[in-house]
Amino acid sequence: MSANPFQKKSRSLAAPKILSEYVLSASGPGQFPKEEYPEIAFLGRSNVGKSSLINALLGQKALAYTSSTPGCTQAINFYRVDSSYYFVDLPGYGYARISKETTLEWKTLIESYLLGRQGLRLSIIVLDARRGWMEKDLELKRWLDLHGRQTLVVATKMDKLKNQSEMQQCLKDLRQGAGEAMLCSAATGRGVREIWQAITMTRATQ
Ligand code: GDP
């Protein structure tokens, strides 16, 4: 099937639960699974809400690991989604307490994935709607653009924005930072449907 859960009848904001399973965690390219499905990668600063967003997209409570102690995962996690995609959760970046060596390891690991992976269709850069672009996010976006990788920018935790005018301002700031972005919330499910549409479009156009 096309794996857009909203193509099934759903009036709720949250994605219906989709058949999805954890496949493996890789700490090097030799451990990546066989290229079988189009891949959607998720990238973001530690604690930005990336795992929660993956869970919200999959209608799951805790498939992707969520934690209040950022920076502890240094592996790439693969999830099989409805026998149609791999969702690929890359380790969070920009956590101040991580040593220089770990940062270098992180860079080597994610660069080997982002540069070498044939099946990668879309890299979703997750930002915090209240903070917007940070230097590390911009660096990543520029780097992906430079290497011709398709990106989607998503600012999560929009439930923390107080009103419409804060949302408009947030979108304006995001756009000024580095192009179009979508707002969403894993807490309320707002924007999840639109992200699924973008994911499905990516598949249709490639
Ligand atoms: P990760 O480190 O990027 O995977 O971030 P997590 O998904 O673990 O989320 C970090 C913290 O932000 C957790 O306490 C989550 O409950 C919270 N969080 C994540 N998404 C949202 C959201 O959409 N709204 C609100 N209010 N909190 C969120």
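The values are calculated or read from the model by the stated rules, or taken from the named source; none is laboratory data. All figures in this text were calculated on a predicted structure; none of them were measured in a lab. Neighbour counts are summed over all protein chains in view; Cβ atoms, including those assigned to glycine, are modelled from backbone coordinates with ideal geometry. These accessible areas exclude ligands, DNA and RNA; they are computed on the full protein's heavy atoms, side chains included. Shrake-Rupley method; radii C 1.70, N 1.55, O 1.52, S 1.80 Å.
Here are the numbers for this structure:
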read-out	value
Over 25 Å between alpha carbons, listed pairs Lys50/Lys162; Lys50/Lys141; Lys107/Lys141; Lys61/Lys141; Lys50/Lys100	Lys61/Lys141
Fraction of beta bridges assigned by DSSP in region 75-161 that are antiparallel (%, nearest 5)	45 percent
Gap separating the Cα centres of region 79-145 and region 171-206, nearest whole Å	16 Å
Accessible-area composition of the chain, carbon plus sulfur, in percent [1.4 Å probe]	50 percent
Leading residue at positive end of dipole, region 103-206 (Cβ point charges), from Ala198, Met134, Cys170	Ala198
Amide proton proximity set for Ala187, modelled H, under 5 Å, gap of 5+	Lys157
Gaussian network model of the chain, Cα within-10 Å springs - most flexible of Arg130, Arg45, Arg193	Arg130
Only Lys, Arg (+1) and Asp, Glu (-1) charged, at Cβ; the chain dipole about Cα centre in debye	580 debye
Under 5 Å, built H, 5+ apart or other chain: amide partners of Leu122	Glu39, Ala41
Estimated 222 nm signal from helices in the chain, with DSSP H stretches of n ≥ 4 weighted -39500 (n - 2.57), rounded to 500	-10000 deg cm²/dmol
Probe 1.4 Å, accessible area per residue of the chain, Å²	51 Å²
DSSP-defined antiparallel bridges as percent of all bridges, the chain, nearest 5	35 percent
Neighbourhood net charge (12 Å Cβ-Cβ; Lys/Arg +1, Asp/Glu -1) for Ser51	+1
Cα radius of gyration and Dmax for the chain (Å)	16.0, 48
Local net charge near Leu140, Cβ-Cβ under 14 Å (Lys/Arg +1, Asp/Glu -1)	+2
With eigenvalues of the C-alpha gyration tensor scaled by 5 and rooted, region 76-152, Å	21, 16, 14
